[in-house]
Amino acid sequence: MIRAGIIGSTGYAGQELVRILLGHKETQITWYGSRSYVDKAYADIFRNMFTLVPDICRGEDLEALCSEVDVVFTATPQGLCSTLVSEDILSKVKIIDLSADFRIKDIAVYEEWYGIQHGSPAFIDEAVYGLCELNRDQIKEARLVANPGCYPTCSVLSVYPLAKAGLIDMNSIIIDAKSGTSGAGRGAKTANLFCEVNESIKAYGVAGHRHTPEIEEQLTYVSGQKTLLNFTPHLVPMNRGILVTAYADLKESISEQEIQDLYETTYEQEQFVRVQPTGVYPETRWVEGSNYVDVGIRLDRRTGRVIMMGAMDNLVKGAAGQAVQNMNLMFGLPENTGLQMPPVFP
């Protein structure tokens, strides 16, 4: 039985980790860490956990708590995990960090985009980027995994087959992405109030969203070409879900069926990436509550551009589900353990 601890268990991603791990037959949650709710009953914070979680929230003293568990999930704001990690802690537990602290290999880029100083640059090279479909073998041997961002996960998996095959101009990519409000976290912010969000849609982080360098870095690794792209996220009035629509110039003439075949071949062994049939496009409602990413393509013959689409639940495959997928790999379990829940509808 894997003993797990969750730092940041009272955020949206942390609570989703709890929900998934409660149904994971090989894992037991040993403690629930929270900076805001120390000594409060977890089920009093999330009433959906009434009678399911009798535990009281504990603090976030990782050094003191790490000896009680085998793996620690850090579902915390940027900057915290990098101040907690040390060689002593990594010698005792594996860490799966859901923040951006170890995703970007260039520390200067991280510090520029996030506006904070990195707390443990010595571990940047060791950290494995936890996109299982790309880095499965490295994740199996890792003791520190950087769980990818929600937008980067959906964006990279939508573009990956064509990028890896060298069939698109990597500097022509435009990514239009839309997310539900849970992606902004559980903190109280005026811009996220119901009356501010309902019956509206807006772009944010235009030409400067923090996930941009993460997407560029991963697509650079995939394609072997330095990637520079436009990424524009939008906030939509729904709880969960991400929809990505990406555009790129084709470098050579290729039919839509050949592109479809490429996607199906690339992902034929991936349980959690579902390639939609020709003419069927991803929708967030068909992935809600699941660890699936639905991807689809369309060739625009008139412009010579390809349209790549992806949909997923930002709290599951975009955060907690992917973290559990990483844990399964790190501990030698079947990758789908605890993650076989079908999407919820309606």
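Nothing in this text is a laboratory measurement; each read-out follows from the coordinates by a stated rule. The model shown is predicted, which means the values in this text are computed figures rather than measured ones. Don't worry about glycine lacking a Cβ; one is built from the backbone with ideal geometry, like all the others, and counts go over all protein chains shown.
Points to keep in mind about this one:
- Computed on the chain, with alpha-carbon pairs under 8 angstrom and 6+ residues apart, the relative contact order is 17 percent.
- Cβ-derived FRET efficiency at R0 30 Å, residue 25 paired with residue 239, nearest 0.05: 0.60
- The order of 303, 153, going from fewest to most other C-beta atoms within 10 Å of their C-beta, is 303, 153.
- For region 2-126, the Kirkwood hydrodynamic radius from C-alpha pairs, put into Stokes-Einstein at 10 °C and a viscosity of 1.306 mPa s, yields a diffusion coefficient of 105 µm² per second.
- Separation between Cα centres of region 126-165 and region 217-285, rounded to whole Å: 14 Å
- Ranked 194, 73, criterion: other C-beta atoms within 10 Å, fewest first: 194, 73
- Beta bridges by DSSP in the chain, antiparallel share as percent, to the nearest 5: 45 percent
- Considering only beta bridges that DSSP places wholly inside region 151-314, some 75 percent are antiparallel.
- Efficiency of FRET from Cβ geometry, residue 112 and residue 137, R₀ 41 Å, rounded to 0.05: 0.85
- Electrostatic tally near residue 100: other residues with Cβ closer than 10 Å to its Cβ, Lys and Arg +1, Asp and Glu -1, net -1.
- Cα gyration tensor category, rounded, prolate or oblate, for region 1-69 with a/c compared to 1.5: oblate
- Along each principal axis, Cα extent of the chain, largest first, Å: 62, 44, 38
- In plain terms, the residue of 308, 341, 330 with the fewest other Cβ atoms within 10 Å comes first and the most crowded comes last, giving 341, 330, 308.
- Flagged links, alpha-carbon separation over 32 Å, of 94/164; 178/226; 226/317; 40/92; 92/226: 92/226
- Protection proxy ranking of 15-23, 268-276, 179-187 - average other beta-carbon atoms within 10 Å, highest first: 15-23, 179-187, 268-276
- Helix 150-164 axis, angle to the chain major axis (alpha carbon atoms, nearest 10°): 40 degrees
- Estimated [θ] at 222 nm from DSSP helical runs (n ≥ 4, -39500 (n - 2.57)) normalised by residues in the chain, nearest 500: -7500 deg cm²/dmol
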